[in-house]
Amino acid sequence: MAEYLDRELSWDDEIERESDFILLVEGDYDFTVTGFERARHEGSDKLPPCNKAIISIRIDSPEGSTTIKHNLFLHSKCEGLLSAFFIGIGQKKHGEKLRMNWNNIIGAKGRCKIAVRTWKNKNTGEEMQSNEIKKFYDPEDAPASTNTVNTAPAPSGMYTPGKF
């Protein structure tokens with residue numbers, strides 16, 4: 001398959017690529033940061049207007065490769081989430097300050113917890129599902145990296161880190 005560049009199509013362009021959407025099962029995955037956009041959050045009940053970074057996270061899994069867009073809000077209420085991302089890609093150390101260098105995140109790798117989010121389509125009322133990133137792991141604490149999802153339940157009565 002040829003590499004595709006994101007670009008505007010003209011009215012008479014030929015098309016061939018079909019949907020590449022993959023719904024990953026919940027679990028822990030390795031990721032690579034493949035993109036970054038600067039945007040603005042217009043405000044909500046939980047968070048006032050602020051800048052946001054839209055991060056493209058590529059995940060290669062046995063089911064195929066997919067990209068998840070993840071918002072990082074540049075607001076003091078979300079500073080812990082920003083720190084978790086930069087710790088997760090190895091660019092911040094615990095207990096140290098960091099000047100966020102957004103130009104240096106493309107190609108960064110890490111490990112994250114993926115969940116399945118269920119929501120209703122506002123136009124059709126149809127129940128939909130998509131993936132979301134719930135957590136970026138500290139490289140020192142990340143579950144074993146095998147490039148496959150870690151979904152096997154632990155035998156009854158056994159301890160599994162991160163599971164309560």
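Among the listed residues Gly90, Gly80, Gly125, Gly107, identify the single one that is at pLDDT below 95 and either among the small types (Gly, Ala, Ser) or touching a helix residue (DSSP H, G or I) at 6+ places or on another chain (Cβ under 8 Å) (or both).
Gly125
In this structure, does Arg17 turn out to be exposed (fewer than 12 other Cβ atoms within 10 Å of the Cβ) and under 24 Å from Arg99 (Cα atoms)?
no
Kindly provide the set of residues from the stretch 74-130 that are closer than 17 Å to Ala142 by Cα, in contact (Cβ under 8 Å) with a residue 24 or more places away in the chain and open to solvent by less than 40 Å² (accessible area, probe 1.4 Å), ordered by number.
Across the stretch 74-130, the qualifying residues are Ala84, Phe85, Ile87, Gly88, Ile89, Ala108, Gly110, Arg111, Cys112, Ile114, Ala115.
Test Cys112 against the stated conditions and say whether it is under 25 Å from Leu47 (Cα atoms) and assigned to a strand (DSSP E or B).
In short, yes.
Taking the stretch 42-67 only, how many residues are within 13 Å of Cys78 (Cα to Cα) and among the polar types (S, T, N, Q)?
Qualifying residue count, the stretch 42-67: 1.
In the stretch 40-72, how many are surrounded by 13 or more Cβ atoms within 10 Å (Cβ to Cβ) and assigned to a strand (DSSP E or B)?
Going through the stretch 40-72 one residue at a time, the tally reaches 19.
What are the pairs, 6+ residues apart or on separate chains, where a residue within the stretch 20-42 that is at positive phi has its Cβ under 6 Å from a residue that is among the hydroxyl-bearing types (Ser, Thr, Tyr) and loosely packed, with under 14 Cβ neighbours inside 10 Å?
Short answer, once both residue conditions are applied: Gly27/Thr151.
The values are calculated or read from the model by the stated rules, or taken from the named source; none is laboratory data. Computed from a predicted structure; not experimentally measured. Heads up, the Cβs are rebuilt from the backbone with ideal geometry, glycines too, and the neighbour counts pull from every protein chain shown. We work out accessible area using only protein heavy atoms, side chains counted, and drop any ligands, DNA or RNA first. Shrake-Rupley method; radii C 1.70, N 1.55, O 1.52, S 1.80 Å.
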